[in-house]
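Taking it in order: structure first as structure tokens, then the write-up.
Every number in this text was worked out from the coordinates using simple rules, so none of it is lab data. Please read these numbers as outputs of a predicted model, since none were measured by experiment. Don't worry about glycine lacking a Cβ; one is built from the backbone with ideal geometry, like all the others, and counts go over all protein chains shown.
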Amino acid sequence: MIEALLPLMSFAFVSSITPGPNNIMLTSSGIWFGFRRSLPHMLGITFGFGVLLAVCAFGIGELVVALPQVVLLLKALGCAYLLYLAWQLRRMAVSGAGERAVRPMSFRAAAMFQFANPKAWVMAITGASAFMPLLHKQSGWLAILIYCAVFCAINLPCVSVWAGAGALLRRYLEQPRWRAIFAAVMILLTLYSALAIWL
């Protein structure tokens, strides 16, 4: 089992720290609301992703993505939410009052979003396919627990980095011009994430 942990940790780190819908949203949240008010968002991501990991580790994830209708629905939901987020970012850039325009994403909403997040599904299914056979030297339940615990323990600090980066940028974006420029960049990245779902 030990020989499986290092590759699993590496995979969890690389897949969690790289840009994706969650990390883009957390950067925006850190900017508009600060790190502390983004904590429920961060915790919700890791909790929801942990549930998704368990679902995929049980093999249900492969059954879900084998159904074209379900895949289409997941893509549509993820794309719709990202377009909504881009619209909210536009409103915040125009109004210059992000904290009054919207509230930080709640724990529950962030957890539920993982099931509409294509990157989260790819991470969970790929990880389960690659590492569950190596961990099955343990009993089934223990292997799933280890898989989910290791992945979530690495995922939370990784997503926190993005919220922290946003919070650090917050002080530099007080001028409307820079706030508008940064918001435009985040909107483009969000729209790209929505488009990438269909590629």
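Remarks
- Choice from 153, 116, 54 showing the highest fluctuation, given a GNM over the chain with Cα pairs closer than 10 Å: 153
- Taking the longest Cα principal axis of the chain as reference, the axis of helix 2-17 is set at about 20 degrees.
- Simple spin-label estimate for residue 67 and residue 192 gives 3.4 nm between the two label positions (7 Å along the Cα-to-Cβ direction from each Cα).
- When the chain is described by a simple charge dipole with +1 on each Lys and Arg Cβ and -1 on each Asp and Glu Cβ, the residue from 41, 185, 26 located farthest towards its positive end is 185.
- Using alpha-carbon coordinates, inclination of helix 68-95 to the longest axis of the chain, degrees: 30 degrees
- Computed magnitude of the charge dipole of the chain (debye, nearest 20; Cβ of K, R +1, Cβ of D, E -1): 760 debye
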